[in-house]
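Working notes, beginning with the structure itself.
Read-outs: derived from the displayed coordinates by stated rules, not from any lab. Source: prediction; values computed, not measured. No Cβ is skipped: glycine too gets one built from the backbone with ideal geometry, and neighbour counts run over all protein chains shown.
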Amino acid sequence: MSLKQQIEADIKKAMLAKEKEELKALRSVKSMIMLAETEKSKGTEISADDEMKLLMKAVKQRKDSAAIYKEQGREDLYAVEIGEAEIIERYLPKQLSEEEVKAELEKVIAQVGATGPQDMGKVMGVATKALAGKADGKTISTIVKSLLVG
């Protein structure tokens, strides 16, 4: 079952259960998928890799918005954004812990032969592909910096 089909089935379940927050989050993801399909070409389905990128983008947008709401003291809006991010994250592969990311990045650094901060670009290029969907870019970047500097 494709992600789009899974989302559509879950939308129906959310409608029957009258779960408004979940319905809103799922509809926004479905909308992103349909928009991506129409941009690609006439009605062809997007790849699983593209679907994962869309989901990660949706989660990142919500977490960024939540951080802004938190700064501004808008706990009500913060809670909505975090709730939607958690709903969307269910469709992503399990995220790696910081220790697991660090171990993977150490392998990448050894593979690329990076020696210092000047090699950050090389490491990030390989690392973001290797850890796509398993860790967000911000976490990867922070750990790479600490490993290359330290």
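The aspartates and glutamates within cross-link reach of LYS70, meaning a Cα-to-Cα straight distance under 16 Å and a gap of 8 or more places when in the same chain, are GLU81, GLU84.
So how far apart, in nm, are the two label points at GLU19 and ALA110 if each is 7 Å from Cα heading toward Cβ? My value for the distance between the label points is 4.2 nm. Each of VAL123, VAL80 was scored by other Cβ atoms within 10 Å of its Cβ. Listed from fewest to most, they are VAL80, VAL123.
Separation of the alpha carbons by more than 31 angstrom is noted, of LYS18/LYS102; LYS18/LYS138; LYS30/LYS134; LYS4/LYS145; LYS4/LYS63, for LYS18/LYS102; LYS18/LYS138; LYS4/LYS145. Rounded to the nearest 500, the 222 nm mean residue ellipticity of the chain from helices alone is -25500 deg cm²/dmol, with -39,500 (n - 2.57) taken per DSSP H run of at least 4 residues.
Panel order for ILE68, ILE11, ILE87, by other beta carbons found within 10 Å of each beta carbon, from fewest to most: ILE68, ILE11, ILE87.
Pop the C-beta distance of SER146 and LEU92 into the FRET formula with R0 = 35 Å and round what comes out to the nearest 0.05. That gives a FRET efficiency of 0.90. Per the Cα gyration tensor, the chain maps to an equivalent ellipsoid with semi-axes of 32, 20, 13 Å, ordered largest to smallest. Modelled this way, with points 7 Å down the Cα-to-C-beta line, the labels at ALA48 and LYS134 are 1.5 nm from one another.
Between ARG27 and LYS70, the distance separating the two model label sites (each 7 Å from Cα on the Cα→Cβ line) works out to 2.8 nm.
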